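Structure record follows, encoded as structure tokens.
The values are calculated or read from the model by the stated rules, or taken from the named source; none is laboratory data. Every value quoted in this text rests on a predicted model; they were computed, and no experiment measured them. A quick note on method: Cβ atoms are made from the backbone with ideal geometry, for glycine too, and the neighbour counts reach across all protein chains shown. Ligands, DNA and RNA are excluded from the accessible area calculation, which covers all protein heavy atoms including side chains. Shrake-Rupley method; radii C 1.70, N 1.55, O 1.52, S 1.80 Å.
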Amino acid sequence: MKITEGCCVLQTLDGGFPARGTLGRVIELHDNRCFVRWQGQQGRPIGAVSPHQLLYAGVPNRYGFRYSLRVELVRESFERYKRRIGCPQHFPPSDQQRRNFEREMDALLLKGRYQPEELFGSNEQARISNR
């Protein structure tokens, strides 16, 4: 997946700042480095990292969710997640439950269980399906 301005990314390296698995949003992109605002940072702090240290993690929809339930693999994982937490299949999950699901998917992405292409499709496809 191509990392672009506005997309979300996960830090892939162990050690250093930020910790592995930290979610961030690309603010600026230059030839050999990305400026990323890491989750939890308020105001000015932005980290400059090499794009090869980052893993594409989707583009948020208008509700802030990155994984589209229109993608079959994501939908199947979401149904399993709802069964595991005891959420009835016909009930919508709470926003907190949906955020927890997204972080679990991020962990699977970092472990290499899934590739970004499997979960998000192409960048353009991800933008369309997350609307």
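Within the range 38-61, the set of residues being among the aliphatic types (A, V, I, L, M) and not in a loop (DSSP other than H, G, I, E, B) comprises A48, V49, L54, L55. The residues of the range 5-14 that are more than 10 Å from the chain's Cα centre (by Cα) and touching a residue at least 60 places away in the same chain (Cβ under 8 Å) amount to a single one, T12. Among the numbered conditions (1) in contact with a Pro (Cβ under 6 Å, 6 or more places away or on another chain); (2) loosely packed, with under 12 Cβ neighbours inside 10 Å, the only one that C34 does not meet is (2).
Count of the range 14-26 residues, restricted to those that are loosely packed, with under 14 Cβ neighbours inside 10 Å and not charged (D, E, K, R), is 4. Just wondering, is there one or more residues in the range 15-37 that are outside any loop (DSSP other than H, G, I, E, B), under 12 Å from the mean Cα position of the chain (by Cα) and polar (S, T, N, Q)? Within the range 15-37, none of the residues are outside any loop (DSSP other than H, G, I, E, B), under 12 Å from the mean Cα position of the chain (by Cα) and polar (S, T, N, Q). Among all positions in the range 47-69, there is at least one residue which is open to solvent by less than 80 Å² (accessible area, probe 1.4 Å) and farther than 19 Å from E5 by Cα. In the range 84-97, the condition of being open to solvent by 50 Å² or more (accessible area, probe 1.4 Å), of a type in the set (F, W, Y) and under 23 Å from I3 (Cβ atoms) is met by no residue.
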